[in-house]
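Only one structure is covered here, and it is reproduced in the block below.
The values are calculated or read from the model by the stated rules, or taken from the named source; none is laboratory data. Keep in mind the model is a prediction, meaning the values are calculated, not measured. For neighbour counting, all protein chains shown are included, and Cβ atoms are generated from backbone atoms with ideal geometry for every residue, glycine included. In case anyone asks, the SASA skips ligands and DNA or RNA and just uses the protein heavy atoms, side chains included. Shrake-Rupley method; radii C 1.70, N 1.55, O 1.52, S 1.80 Å.
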Amino acid sequence: MLLQARGEHLEDLAASAARVRDAGLRAAGRPGVLTYSRSVFIPLTRLCRDRCHYCTFATVPGKLRRAGHGMFMSLDEVLDIARRGAALGCKEALITLGDKPEDRWPEAREWLDAHGYDDTIAYVRAVSIRILEETGLLPHLNPGVLTWTDFQRLKPVAPSMGMMLETTATRLWSEPGGPHYGSPDKEPALRLRVLEDAGRSSVPFTTGILIGIGETYEERAESLFALRRIARAHHGIQELIIQNFRAKPDTAMRGMPDAELDELVATVAVARHIMGPSACLQAPPNLIDAEYERLIGAGIDDWGGVSPLTIDHVNPERPWPRIDQLAEVSRAAGFELRERLCVYPEFVKRGEPWLDPRVLPHVRALADPETGLAREDATVEGRPWQEPDEVFTAAGRTDLHRTIDTRGRTADRRDDFDSVYGDWDALREAAAPGMAPERIDTDVRAALRTAADDPTKLTDAEALALLHADGPALDALCRVADDVRKSAVGEDVTYIVTRNINFTNVCYTGCRFCAFAQRRTDADAYTLSLKQVADRAQQAWDVGAVEVCMQGGIHPDLPGTAYFDLARAVKERVPGMHVHAFSPMEVVNGAARTGLSVREWLIAAKEAGLDTIPGTAAEILDDEVRWVLTKGKLPTATWIEVVTTAHELGIRSSSTMMYGHVDQPRHWLGHLRTLARIQQQTGGFTEFVTLPFVHTNAPVYLAGIARPGPTMRDNRAVTAMARLLLHPYIPNIQTSWVKLGAEGAVEMLRSGANDLGGTLMEETISRMAGSSYGSYKSVGELVAMAEAAGRPARPRTTLYGEVPEERQRAAKASGGRLPELLPVLE
Ligand code: SF4
């Protein structure tokens, strides 16, 4: 209704929106200030795989060739524009390009191949680094639809990015004749996913809507509400653009009327009311005629990028106003015009995790630390783009692995609890539907018969019924699983003498179940030096270990090659040690930061000494649950891609499932089926590890969203069903004494498990989460657990092979225990 306000009603609406804007500017500490960014527009390629009917930006290879242009701008062409822009005081390099041109145009693919880039994103990354290094301009990237992985690749080279949502009206994309018909990247659901992934990746993001392309008022309102939902969930939308459609000659929509000014004014005012006072709202000043004051009066606070050098290549027929003109019209409306950077002041002030340490120096050189706006006197000049110095400098509570058992945590939550995980209220709404109890009608007895006869024949309905089993049915299920265990792997209860080395706990990924991660200034934060890591591996070797398991937080300073250094440090000191290290999240992080593909990165890691990878970071392989559990961790498809790539390279992995939080038995079923499928394809999993959720200090529990971990019923059902659903593909089912205690682990050995995991020697992750079962177990204690289950214990290697005699002797002499570890404080 309000979108249709006209006349007096529109004036009232605009005036109230302007008051909301003014309140927001006062709260932000810049009352009466409108902003703009002095930028250069770099159209990196005008080839695009989409075919939007209003677009004159996209072109075809033949036209580019005839005009004497390459398929992409060369680095020299880009730098020439950027340098000239810097000389004119510009601070932003707006890099705009078509979506995935190589998917449609062989000429684009050939250009990338000839210049040594795997894809367009790799070129965008390279261009951005050169701009930062040689001109000091800050890249603002508009490369179209990005995946979660693309965000990880680009975040270290650009302080901000953007993509217009345009509209949520799917019919404008799916119906022939619609403006987005035939444009795969314009599917609204896909674009909303991009906005979510930007928020999850803590990327300051610009987006907005395009009005007048055939959407109804209702659809326009829906688009704005969708943007509000995402803005609230992640606090990552730095700016919202309300852009009016302008018909262009030579396009399919040339006959369509331009969006009228009243439409634009009403939409700006409604957007201001919907998004609230703190939102930054922009209307491009070159898409209106002389009606600036009407937009100011409707609640905008920004004019966007304005260039003294380049044209708006998307709207080449609409020149930008001069900056002094813009200042004049702003002044006439009672506002001061101030320059901002491509990244908005709020995000400049927030710093980590929104700005990667690799671009932080470039931003700081241009930003006023007080206001976060551009510094008037800043010199725009190139600065090296480099990895932070001295990453592996011992820092913080490096004795946490021991003192967690005696002194405990400093606080039950990290200092940035209210911001690093996204918005808790929005999450509560999102999580609620998944927590509704399910009713299962399938006959448990029939399902048990199938399980006993041939567990590979269990249907989904039968498996779900068994995952819900309780009482005598659960007892029967565990007996069946125990029988299958016996026939699959025999009576031996295996264990491994291993040491966990968590080399840092600094992390801003925002996993909401993780009580281990700390911000770098928190009292419990630490990072180990390479020497400390090697020393720990040596100590472990001395007491009989055959493996170290190394995982850490996604420390923003870590270069992607740091993982190679870690593997090398262990192998150089203890050549015989098996290096089991780096979760799929760390693999993706390493690959993104080096610019290598996952495959290339894994090959390099293997050469550095990596033997196998833990299949952690799986949590629940279902994005519905995952995006409640974590703000920024890798999505399901990427986890699968990493482990299958590793397996193809001969790097085997474990597999895991963390359960008992906001999940349901149907998620466990889906997860186990996924693992079984991967194993049939690659054969690379060594085992499946059940990881019951430890709730006590887990943020998602402290925020009142998750259950307090699984019940003993859940643990038995999951263990038994893992045995049955993974049979015969994954023969080893591991239970976790860290999370269940000795008694619990023994019970799982009777429910289908055959492996007790490791001695660990130091366990910090579960202890930080509040687990009370200690940081290590001696070999004797593990043997005692096996005996309590009435079975023999047998040491194993990572790959479940025989442990060399010499290692067995060393472990026996020490009990597989480090001499300096302290007893658990009860
Ligand atoms: S689980 Fe790992 S990636 Fe997630 S917050 Fe904890 S340390 Fe970081």
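Across the options GLY32, TYR800, VAL127, the greatest Cα extent toward the positive end of the charge dipole of the chain (unit charges at beta carbon of Lys, Arg, Asp, Glu) belongs to TYR800.
Could you provide, to the nearest whole Å², the per residue accessible area of the chain with probe 1.4 Å? Mind dumping the intermediate values first?
Numbers: 29860 Å² over 826 residues.
Counting only protein heavy atoms, the per-residue value for the chain is 36 Å².
Would you work out what percent of the accessible area of the chain, with all protein chains in place, is carbon or sulfur (probe 1.4 Å)?
Numbers: 15210 of 29860 Å².
Of the solvent-accessible surface of the chain, carbon and sulfur hold 51 percent.
Among the GluC sites (Glu not before Pro) in the stretch 715-817, those located in a DSSP loop and surrounded by at most 13 other Cβ atoms within 10 Å of their own Cβ are GLU802.
Please tell me which of these pairs span more than 22 angstrom C-alpha to C-alpha: LYS777/LYS812; LYS571/LYS777; LYS531/LYS812; LYS91/LYS349? Write down the numbers at each step before the final one.
On the way: LYS777/LYS812 13 Å; LYS571/LYS777 25 Å; LYS531/LYS812 27 Å; LYS91/LYS349 18 Å.
Beyond 22 Å: LYS571/LYS777; LYS531/LYS812.
Could you give the size of the charge dipole of the chain about its Cα centre, using +1 on the Cβ of each K and R and -1 on the Cβ of each D and E, expressed in debye and rounded to the nearest 20? Don't jump to the answer; show the numbers that get you there.
Details: 95 positive and 113 negative charges, 185 e Å.
Using only the charged Cβ atoms, the result is roughly 900 debye.
Given their separation in residues at 0.36 nm each and the Cα-Cα distance between them, ARG19 and ASP76 gain 15.8 nm when the chain is fully extended. To the nearest 0.05, what FRET efficiency results for LEU190 and GLU291 with a Förster distance of 45 Å applied to their C-beta separation? So, using R0 = 45 Å, E works out to roughly 0.85. Close amide H partners of GLY757, meaning residues 5 or more places away or on another chain with modelled amide H under 5 Å apart, are ILE496, THR735. Taking every DSSP beta bridge that has both ends in the stretch 2-366, the antiparallel portion is near 0%. Count neighbours as other Cβ atoms within 10 Å of each site's Cβ, and list the trypsin sites (Lys or Arg not before Pro) in the stretch 117-165 that are DSSP loop with at most 11 such neighbours. Sparse-neighbourhood loop trypsin sites (Lys or Arg not before Pro): none present.
Sum -39500 (n - 2.57) across every DSSP H segment of at least 4 residues in the chain, then divide by the residue count to get the 222 nm mean residue ellipticity, nearest 500. It would help to have the intermediate numbers written out before the result.
Values: 32 runs with 341 residues, N = 826.
Using -39500 (n - 2.57) per qualifying helix, the result is -12500 deg cm²/dmol.
Between the amide H of ILE241 and those of THR207, GLY208, ILE209, GLN282, distances stay under 5 Å, these residues lying 5 or more places away or on another chain, with hydrogens modeled in the peptide plane. Between SER174 and LYS457, the modelled label-to-label distance comes to 4.0 nm, taking each label 7 Å out from Cα in the direction of the beta carbon.
Once the Cβ-Cβ distance of LEU649 and HIS313 is raised to the sixth power relative to R0 = 45 Å, the FRET efficiency obtained is 0.60. Note on the stretch 12-153: dipole from Cβ charges, positive end direction compared against GLY136, TYR54, PRO101; the farthest Cα belongs to TYR54. About its Cα centre, the dipole of the stretch 597-747 is roughly 260 debye, where the only charges are +1 on Lys and Arg Cβ and -1 on Asp and Glu Cβ.
Within the stretch 2-366, all pairs of alpha-carbon atoms sorted by distance into 10 Å bins from zero give the percentages 5, 25, 36, 26, 7, 1, 0. The string of couplings for the stretch 57-64 from the Karplus curve (6.51, -1.76, 1.60, θ = phi - 60°) is 5, 6, 9, 10, x, x, 5, 4 Hz, one whole number per residue in order, with x for Gly and Pro.
With +1 on each Lys and Arg Cβ and -1 on each Asp and Glu Cβ, how big is the dipole of the stretch 2-366 about its Cα centre, in debye rounded to the nearest 20? Display every interim value, and only then the final one.
Working: 45 positive and 50 negative charges, 137 e Å.
Around 660 debye, computed over the stretch 2-366.
Looking at the chain alone, DSSP beta bridges between its own residues are antiparallel in about 10 percent of cases. Give me the angle, in degrees from 0 to 90, between the Cα long axis of helix 805-814 and the longest principal axis of the Cα atoms of the chain, rounded to the nearest 10. Between the helix axis and the principal axis of the chain, the angle is about 90 degrees.
Kindly give Rg over Rh for the chain, based on alpha-carbon atoms, with the Kirkwood expression for the hydrodynamic radius. Can you show the working numbers first?
Details: Rg = 28.9 Å, Rh = 28.6 Å.
When Rh is taken as the Kirkwood radius, the ratio is 1.01.
In order along the stretch 615-629, the phi-based Karplus estimate (6.51 cos²θ - 1.76 cosθ + 1.60, θ = phi - 60°) of 3J(HN,Hα) comes to x, 7, 6, 7, 6, 10, 7, 7, 4, 4, 7, 3, 6, 8, 6 Hz; Gly and Pro are listed as x.
Restricting to Cα pairs below 8 Å that are 6+ residues apart, what does the relative contact order work out to for the stretch 2-366? Please round to a whole percent.
Details: 714 pairs, mean separation 94.3, N = 365.
Once divided by the residue count of the stretch 2-366, the mean separation gives 26 percent.
In the stretch 557-624, a dipole from Cβ-located charges (positive for Lys and Arg, negative for Asp and Glu) runs towards its positive end, and of LEU621, VAL598, VAL570 it is VAL570 whose Cα lies farthest in that direction. With respect to the chain, whose longest principal axis is taken over its alpha-carbon atoms, helix 598-608 is tilted by about 50°.
Full extension of the segment from LEU261 to ALA333, taken as 0.36 nm per residue of separation minus the current Cα-Cα distance, would add 24.1 nm.
In this rough spin-label picture, where each label sits 7 Å from Cα along the Cβ direction, the LYS531-SER597 distance is 4.0 nm. Relative to the dominant Cα principal axis of the chain, helix 779-788 is inclined by about 70°.
Residue-wise HN-Hα couplings along the stretch 76-85, as the Karplus relation 6.51 cos²θ - 1.76 cosθ + 1.60 with θ = phi - 60° gives them from phi, are 5, 4, 4, 5, 4, 5, 4, 5, 5, x Hz; Gly and Pro carry x. The modelled label-to-label distance for the pair ARG26/ARG677, using points 7 Å beyond Cα in the direction of Cβ, is 5.6 nm.
Estimate the FRET efficiency between ARG383 and THR521 by the formula 1/(1 + (r/R0)^6), using the beta-carbon distance for r and 25 Å for R0, to the nearest 0.05. Working shown, then result.
Details: r = 25 Å, r/R0 = 0.99.
Step by step, r from the Cβ atoms, then E = 0.50.
What does the charge add up to near PRO614, with Lys and Arg as +1, Asp and Glu as -1, over the other residues with Cβ less than 11 Å from its Cβ? Intermediate values should be presented prior to the final figure.
On the way: positive: ARG652; negative: GLU547, GLU586, GLU687.
In short, -2.
Considering only alpha-carbon pairs that sit under 8 angstrom and 6 or more positions apart, the relative contact order computed for the chain is 13 percent.
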